[in-house]
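Q: Have a look at this one before I ask anything.
The values are calculated or read from the model by the stated rules, or taken from the named source; none is laboratory data. Quick caveat: nothing in here was measured; it's all calculated off a predicted structure. A quick note on method: Cβ atoms are made from the backbone with ideal geometry, for glycine too, and the neighbour counts reach across all protein chains shown.
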Amino acid sequence: MATIKLPGLIDAHVHLREPGYTHKEDFYTGTCAALAGGMTTVLDMPNTSPPTDTPERLTEKRALADSKAVCDVGLFVGATSDHPTDSPDDAYLPVATQACGLKIYVSETFGSLRIDELGLMHGFFRTWAEKAEQSGYRSADQPQGIGPIAVHAEDMMLPVCLNLSQLYAVPLHIVHVSRRSEIELIRKAKECGLPVTCEVTPHHLLLSADTLPQLGVRGDMRPRLATPDDVVALWENLDVVDIFATDHAPHTMEEKNKPEGTPGVPGVETMLPLLITLVQEGRLTQDDILHRCYTRPKEIYGIPNQLETEVEVDVDQSVELSDNQMITQSGWTPFAGMTVRGKVTRVILRGQVVYDGEKVVASPGYGTVLYAR
Ligand code: NCD
Ligand code: ZN
């Protein structure tokens, strides 16, 4: 048995579904799944019910996470058309420093948070830039600032967001990039010095629309699985990719099977074994994982160090992924049937064993909520 030790890894894009959708996941089940996947920090998205779009709702969500999470959690605030931020008594200003960043859904997604009006978009970027004048942007050396604007912006919406980011000098993080046109444009934007970073998911790196006949409803997510050429482009441009994040988007199989469906796939507990398998196949290096699941997310979101924290992985163990191994409340994985090499055998967080290779042994509330003031 060859065991490697990694730092506590970060999944910078998860949907833990609380409040409102706890039949899919909650802060306890989702963070248990994260620990089983070697993640000791997750950043949670705002498209809950109600959405996290006011200071009060962020405070309520902080309390839920604080009492239930077993790993550390950062929370995004979300842009909604109900609470535009371009008024002088802007709702986000008091809370921006307590969130990982501002999430804007510009493209088709699950839930009701989509913003596709230039007036609103402009207002959010302007407000975020004004807030940054007061507090600066967060970095490893400047933990008090505010985070980036993270956007789900596909296709033609991508240049719109890049442009607003440039005009307002607001750091922009593009979530789950899936297409050649997008990754190539991000490369160009970085070459021109724009303050842009991006992430890709394991499913967009490993699956394409060609696998949809086998995957069925398990292959339905936003962005949709792209062409094999798009997948090739993500691999060709890996140097432009700052973060690997899962977009862990649990829905029950019953919901997935309904005619209207629910886009999104769980992923927080399968990312590390999949990436380690790619290392063993020679397609990635261990440094690629460390850079994109630890160093860069820490820098981009100003995530503090976790002392006495490590993840042990037996890289010789082969595991056939299956639905019934999954800890996520949703109880399935789009990678079922795939054999991976790499099993998380122990996770230590702040000096305590929190996952022993079989089960989570931390009590609810052991995790902390980031960006407290
Ligand atoms: C996400 C969800 O279910 O919350 N679904 C998805 O297909 N990715 C929403 C999102 O990230 O767009
Ligand atoms: Zn998402």
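Q: Which of the numbered conditions does Glu56 fail, given that it passes all the others? Conditions: (1) part of a loop (DSSP other than H, G, I, E, B); (2) at pLDDT below 95.
A: All conditions pass for Glu56, except number (1).
Q: Quick check: is even one residue across the range 304-313 in contact with a helix residue (DSSP H, G or I) (Cβ under 9 Å, 6 or more places away or on another chain), under 30 Å from Leu212 (Cβ atoms) and buried (at least 17 other Cβ atoms within 10 Å of the Cβ)?
A: no
Q: Ok, one more. Could you say whether any residue in the range 182-192 is under 27 Å from Thr41 (Cβ atoms) and within 16 Å of ligand 1 (Cβ to nearest atom)?
A: Yes, the range 182-192 has at least one match.
Q: Among the residues of the range 150-160, how many are in contact (Cβ under 8 Å) with a residue 40 or more places away in the chain and either surrounded by fewer than 23 Cβ atoms within 10 Å (Cβ to Cβ) or under 11 Å from Ser107 (Cα atoms) (or both)?
A: Going through the range 150-160 one residue at a time, the tally reaches 7.
Q: Can you find a residue that is among the basic types (Lys, Arg) and at negative phi anywhere in the range 347-358?
A: So far as the range 347-358 goes, no, none of its residues is among the basic types (Lys, Arg) and at negative phi.
Q: Out of (1) in contact with a His (Cβ under 6 Å, 6 or more places away or on another chain); (2) closer than 16 Å to Asp11 by Cβ, what's the single condition that is false for Ser178?
A: Against the list (1) in contact with a His (Cβ under 6 Å, 6 or more places away or on another chain); (2) closer than 16 Å to Asp11 by Cβ, Ser178 comes up short only on (2).
Q: With respect to the numbered conditions (1) among the hydroxyl-bearing types (Ser, Thr, Tyr); (2) in contact with a strand residue (DSSP E or B) (Cβ under 7 Å, 6 or more places away or on another chain); (3) over 19 Å from Ile104 (Cα atoms), which one is the sole condition not fulfilled by Tyr21?
A: In the conditions (1) among the hydroxyl-bearing types (Ser, Thr, Tyr); (2) in contact with a strand residue (DSSP E or B) (Cβ under 7 Å, 6 or more places away or on another chain); (3) over 19 Å from Ile104 (Cα atoms), Tyr21 misses (2) alone.
Q: What are the residues in the range 91-148 that are in contact with a helix residue (DSSP H, G or I) (Cβ under 8 Å, 6 or more places away or on another chain), surrounded by 19 or more Cβ atoms within 10 Å (Cβ to Cβ) and part of a strand (DSSP E or B), if any?
A: Leu102, Ile104, Ile146
Q: Considering only the range 280-302, state which residues are basic (Lys, Arg) and surrounded by 23 or more Cβ atoms within 10 Å (Cβ to Cβ).
A: Correct list: Arg292 only.
Q: Can you tell which of Thr277, Thr262 is crowded, with 18+ Cβ neighbours inside 10 Å and either assigned to a loop (DSSP other than H, G, I, E, B) or within 16 Å of ligand 2 (Cβ to nearest atom) (or both)?
A: Selected residue: Thr262, the only one of Thr277, Thr262 that is crowded, with 18+ Cβ neighbours inside 10 Å and either assigned to a loop (DSSP other than H, G, I, E, B) or within 16 Å of ligand 2 (Cβ to nearest atom) (or both).
Q: Right, here's the next one. Select from the range 130-148 the residues that are closer than 15 Å to Val196 by Cα and modelled with pLDDT of 90 or more and list them in ascending order.
A: Tyr137, Arg138, Gly147, Pro148 - these are the residues of the range 130-148 that are closer than 15 Å to Val196 by Cα and modelled with pLDDT of 90 or more.
Q: How many residues does the range 25-45 contain that are part of a loop (DSSP other than H, G, I, E, B) and either without any contact (Cβ under 8 Å) to a residue 40 or more places away in the chain or closer than 14 Å to Gly267 by Cα (or both)?
A: Going through the range 25-45 one residue at a time, the tally reaches 3.
Q: Could you run through the range 280-324 and say how many residues are of a type in the set (S, T, N, Q), part of a helix (DSSP H, G or I) and under 22 Å from the mean Cα position of the chain (by Cα)?
A: 2
Q: Please find, among Val151, Val217, the residue that is within 16 Å of ligand 2 (Cβ to nearest atom), at pLDDT 95 or above and not in a loop (DSSP other than H, G, I, E, B).
A: Val151
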